[in-house]
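First comes the structure, then the notes that go with it.
What follows draws every value from the coordinates through simple rules; no lab data is involved. Not measured: the values here are computed from a predicted model. Backbone-built Cβ (ideal geometry, glycine too); neighbour counts: all protein chains shown.
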Amino acid sequence: MRGMLLATALISSVMAASPALGSDQFLMARTAYHEARSDGSRGMLGVCFVIMNRLKAGTFGDTIDEIVHRPAQFSVWLPGGAARGPVPADDPHWRLALQAARLALSGAVRDPTNKATYYHERSIRPGWSRGMRRVAAIGRHVFLKPER
C-alpha cells in the first residue's frame, strides 16, 4: 500500500510539473525539442521565439497550435514527423525545452533571434530563403526574416 501511495504522489508531482497535452507551452516545447535539441537551451529558445514572432506577426495563424501545425512550416509536425511520437519525459533536453517555452511565453528573456520568423539548418540554403535577411545564428540553425 505504501509503495502505491508513493507512486501516486510521484505521478501527481510529475503531472503538476508538466504542461497540459494541448497547451501552448507543450506544443512550443515539443516543436523546439524536436527541431533544435542538439543546439541546447539557446537553440530551443530560438525556435520558441520564431513561434512567438510568428504569432505577433499575425500572418501565420492566430494561435500557437495553428502556427506549429501550419502545413510545411515545421518539419517535425509533418505526417510521420518526430513531434507526433512520444514525449521523452525523462530526457534532460525535454526539461530544457519546457523551460525555453515557458520563458518565451512569459517574455522574461530577450529574443535571441532578433525577431526572426524563419530558420533553417546552416548546411542548406532552401529556395524559400531567397529574399530573406539573416538576423541570427544559433548552433546548427540560421534565423531569418523577410527583407522589407
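Numerical summary
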quantity	calculated
5 angstrom amide H check on residue 135, placed H, neighbours 5+ away	143, 144, 145
Gaussian network model of the chain, Cα within-10 Å springs - most flexible of 64, 124, 51	124
Area projected by the alpha carbon convex hull of the chain, averaged over all directions, nm²	9.8
Peptides ranked, highest mean first, by Cβ atoms within 10 Å: ranges 136-142, 26-32	26-32, 136-142
Relative contact order of the range 21-146, pairs being alpha-carbon contacts under 8 Å that are 6 or more residues apart, as %	29
Span-like helix ranges in the chain, DSSP H, alpha carbon extent 20 angstrom or more, Kyte mean at least 1.0	2-17
